[in-house]
1. Write down the Kirkwood hydrodynamic radius of the chain, to one decimal in angstroms, obtained as one divided by the mean of 1/r over all alpha carbon pairs.
2. Can you compute the charge dipole magnitude of segment 10-174 about its Cα centre, using +1 on each Lys and Arg Cβ and -1 on each Asp and Glu Cβ, nothing else charged? Give it in debye, rounded to the nearest 20.
3. How large is ³J(HN,Hα) for each residue in segment 186-192, as worked out from phi by the Karplus curve 6.51 cos²θ - 1.76 cosθ + 1.60 (θ = phi - 60°), to whole Hz, x for Gly and Pro?
4. Suppose every K and R has +1 on its Cβ and every D and E has -1 on its Cβ; what is the size of the dipole of the chain about the Cα centre, in Debye to the nearest 20?
5. About its Cα centre, what dipole magnitude does segment 189-320 give when the only charges are +1 on Lys and Arg Cβ and -1 on Asp and Glu Cβ, stated in debye to the nearest 20?
6. What order do you get for R271, R96 when you list them from fewest to most C-beta neighbours inside 10 Å?
7. Considering only DSSP beta bridges with both partners in the chain, what is the antiparallel share in %, to the nearest 5?
8. Counting other C-beta atoms within 10 Å, which of H124, H255 has the fewest, and how do the rest follow?
Amino acid sequence: MKKYTYTEKKDTRSGFGAGLLEAGKKNKEVVALCADLIGSLKMDAFKNEFPDRFFQVGIAEANMMGIAAGMTIGGKIPFTGTFANFSTGRVYDQIRQSIAYSNKNVKICASHAGLTLGEDGATHQILEDIGLMKMLPGMTVINPCDYNQTKAATMAIAEYEGPVYLRFGRPSVPVFTDPDQKFEIGKAWMVNEGTDVSIIATGHLVWKAIEAAEKLAEMGINAEVINIHTIKPLDEKAILDSVAKTGCVVTAEEHNRLGGLGDSVAQVLARNNPAPQEYVAVDDSFGESGTPDQLMEKYGLESGDIIKAAQKAINRKTGK
């Protein structure tokens with residue numbers, strides 16, 4: 001098993017800010033729009049470097065999506081920025097009608113996703129956004145795991161033609177991926193190979209999966225860990241190849257159990273190779289106010305929860 005370590009923690013929203021700046025330097029058609037959250041979305045550097053390509057629309061998210069859709073007609077590549085809740089639930093009609101339906105080249109960039117928004121509570125957290133966005137025809141959905149991968153993903157979507165939903169977060173998390181990585185949309189990353197159980201994780205739960213796999217190894221269980229950073233299009237081959245080898249799977253995500261990565265994996269297995277599957281996700285509820293660590297523990301999204309789910313999946317596979 002490859003050992004992963006980290007020397008620092010950084011928030012994934014800062015990876016977005018760094019990637020947006022680099023994308024802007026590389027392509028003059030990249031523009032940015034923000035709904036009064038420049039600091040929270042780490043869009044300051046882009047705004048300062050390219051003031052003529054930055055548009056502050058104020059607290060008017062629906063209007064921002066319409067403006068972004070219109071900009072694509074003139075060849076611009078707009079990146080919209082606000083909290084995930086306001087990037088999806090508040091503006092779903094505008095995204096569906098003005099962006100997805102006509103396949104506009106808009107990059108919907110959403111910070112403060114999941115529970116780890118923390119103390120702002122359930123009204124600002126969102127646990128349904130992946131489901132909302134992946135159901136839109138033609139929408140690409142990406143949920144990177146750390147600062148470096150978020151930066152690489154941001155740069156990659158600037159070169160991709162079509163609407164994209166890019167999800168990231170506020171808390172500082174371990175930085176453990178390659179700073180010079182090539183981000184391939186729709187291509188899963190094999191974190192560690194194993195034979196006993198597949199742990200398929202996304203976003204902040206990838207590091208938790210790595211921690212869980214290390215502890216499982218100490219217990220004599222050889223876990224395979226896969227980072228699904230692109231939830232749509234899904235790397236079905238990587239999933240099927242892994243489960244064909246291990247015979248059971250755990251999916252781990254900072255999202256509602258309904259409609260997220262776990263459901264996408266379950267559909268793939270149901271159509272091709274049914275196997276025992278356990279979910280590590282929020283169990284069909286809203287969040288609440290609390291620190292990110294408190295909420296991750298309360299809602300069962302820690303490495304220990306992944307370990308329990310892996311043991312249960314293995315027991316189901318073996319009939320114990």
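Readers should treat all values here as calculations from the given coordinates under stated rules, not as data from a laboratory. Here the structure is a predicted model, which is why all the values come from computation and not from measurement. When we count neighbours, we look across all protein chains shown, and the Cβ atoms used for this are built from the backbone with ideal geometry, even at glycine.
1. One decimal place: 19.5 Å for the Kirkwood radius.
2. 300
3. After applying 6.51 cos²θ - 1.76 cosθ + 1.60, I find x, 10, 5, 10, 6, 7, 8 Hz.
4. The dipole magnitude comes to about 600 debye.
5. Value, rounded to 20: 520 debye.
6. Result, fewest neighbours first: R271, R96.
7. 20
8. Going from sparsest to densest Cβ surroundings: H124, H255.
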